[in-house]
Amino acid sequence: MTPTLMWQAVLAGLANSFIYALVGIGIAVIFKGTRIINAMQGDFAVIGGMVAVYAVSLSGLPYPVGFVVGIVAGAATGWLIDLLCVRPMMRRHAEEDAFLLLTIGLAFTIGAAVLYFAGRDAHLLPGIGGSGSVEIFGAYMPIHAIWLIVIALVMVAGLWAFYRFSIIGLSMTAASISPEGAATNGINVARMRGYTFLLGGAIGALAGILVTPLIAVSYQMGLGITLKGFAAAILGGLTNPLGALLGGLVIGLSEALAAVGLSSGYKDVVALGIMLVMMVLLPNGLLGRAGRKGG
C-alpha cells in the first residue's frame, strides 16, 4: 500500500466515519435520555434520505427546503414513536428488553413501509457543492464529503452546547438521571422523553440526507448503518453522545484501510472485529468510565 493510496483511503473513510458518528450520536442521545437501546436509528436515516429525495426530485423543491423537510420527517417519526409506542409501554412498566424488541420490530416495519411506497429502487441526491472534488496533498475528496464533515462537526458542537447550557437540554438530562427527582422539581418527564426521540430522529435523518449523495438510499439501508452506528456508540461509551464521534472515526477509518490493505469484502469484518477487541480491553469505551457520563 503506497502512502498516497493510504491517504486516499483515509479521506474516503472520513466521510463514512462522520455518518457512523451521526447515527451513533442519535443512538446515544436516545439511550442517554430514555435508557432505551434504539435498534432502528438507521431507519430514521432511511426516512430522512428518502423524504428528501422525493421532495427534491419529484416535488421540485429547492435543495435546502428538501433538506429541512427530510429532517422534520425524521424528527416527527421519532416523536410519533414515543407518543404511540413508548409512552403506553412506559405506563404499563415494560421491561428494557421489551423496548429493544419494539425498536427491532419498528425497524422491519419501516423498511417494509419504504419498500411498499418507494419500491426497490435506490435513489441519490445531488451533492452539496456539486459533484466536484478537491485535491488534498495528492489525494481527492468530494466537495460534498467536506460539507458533510463540516455540518456534522457543527451539529456536534451545537449538541454539546444544547446539553450544557439550554434549559431543555439540562431538563432532558435531569429527567434521564432521576425521573422521580425531575418530576418533583416540576420537569415534565414524559415531554422530555418525547423531545429525546424527536432529537434522535432528527439526527438520524440528517445522517441519511448527508449520506444519500454518496450512497444511494433504499429500503434495506437501515440495518447496515444501524450496526455501524451502534458500534460507534458502544466505543464512545453509549451514554456519551459526543463519544460516538470518536467511535465513528475508529470504525470508518478501520474499514477504509481494511478495504485497501485487504479487500472490500473484509472491511466490515475488520471494523467490527476491532470493536470487539477494544470492548474487551476497554469495556467502558474509548473515553473510559468518566467519558460515559459526558455529553
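Only the coordinates and a few stated rules stand behind these numbers; no lab work does. Bear in mind that the values here come from a model prediction, so they are computed numbers and not experimental data. When we count neighbours, we look across all protein chains shown, and the Cβ atoms used for this are built from the backbone with ideal geometry, even at glycine.
Across every pair of different alpha-carbon atoms, what Kirkwood hydrodynamic radius in Å does region 117-255 reach? Before the final figure, lay out the partial values.
Working: mean 1/r = 0.0579 Å⁻¹.
After inverting the mean inverse Cα-Cα distance, the result is 17.3 Å.
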* Asked: How much space per residue, in cubic angstrom, does the convex hull of the C-alpha atoms of region 193-251 take up?
  -> 90
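By its C-alpha gyration tensor, with a ≥ b ≥ c as the square roots of the eigenvalues, how is region 1-138 shaped: rounded for a/c under 1.5, else prolate for a/b larger than b/c, else oblate? Before the final figure, lay out each step's value.
Working: a/c = 2.53, a/b = 1.52, b/c = 1.66.
Judged from the Cα gyration tensor, region 1-138 comes out oblate (a/c at least 1.5, b/c at or above a/b).
State, to one decimal in nm², a quarter of the convex hull surface area for the C-alpha atoms of region 93-144, i.e. the direction-averaged projected area. Mind showing how you got there, number by number?
Working: hull surface 29.1 nm².
Mean shadow area of the hull around the Cα atoms is 7.3 nm².
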* Using 7 Å Cα-to-Cβ label points, what is the V65/T184 separation (nm, one decimal)? -> 5.1
* So what's the back-of-envelope 222 nm ellipticity for the chain, counting only DSSP H runs of four-plus at -39500 (n - 2.57) apiece and dividing by all residues, rounded to 500? -> -23500 deg cm²/dmol
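Provide the gained length on full extension for the span L153 to L100, in nm with one decimal, where the gain is 0.36 nm per separating residue minus the Cα-Cα distance.
Residue separation times 0.36 nm, minus the Cα-Cα distance, leaves 16.2 nm.
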* Taking a temperature of 4 °C and a viscosity of 1.567 mPa s, what whole-number D in µm²/s does Stokes-Einstein yield for the chain with Rh from Kirkwood over alpha carbon pairs? -> 67
* To do: Please give the FRET efficiency for L80 paired with L276, using the beta carbon to beta carbon distance and R0 = 30 Å, rounded to the nearest 0.05.
  => 0.30
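Which shape class applies to region 88-194: rounded if a/c is under 1.5, otherwise prolate when a/b exceeds b/c and oblate if not, where a ≥ b ≥ c are the square roots of the Cα gyration tensor eigenvalues?
Values: a/c = 3.56, a/b = 1.48, b/c = 2.41.
Because a/c hits 1.5 or more and a/b fails to exceed b/c, region 88-194 counts as oblate.
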* **Assigned charges on the beta-carbon of Lys, Arg, Asp, Glu; the chain dipole about Cα centre (debye)** => 620
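With a sphere of radius 12 Å drawn around the Cβ of D268, what net charge do the other residues whose Cβ falls strictly inside it have (Lys, Arg +1; Asp, Glu -1)? Walk me through the numbers before you get to the answer.
Numbers: positive: K228, K267; negative: E255.
Local charge sum for D268: +1.
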* Y140 paired with A112, simple spin-label distance in nm, labels 7 Å along Cα-to-beta-carbon -> 4.4
* **Principal-axis tilt of helix 3-34 within the chain, Cα atoms, nearest 10 degrees** => 10
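So between R191 and R92, what do we pick up on full extension, going 0.36 nm a residue minus the alpha carbon distance?
Numbers: separation 99, 0.36 × 99 = 35.64 nm, distance 1.73 nm.
My answer for the length gained is 33.9 nm.
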* For V134, list long-range residues whose amide hydrogen, built 1.01 Å from N in the peptide plane, is under 5 Å from its own amide hydrogen. => M141, I143
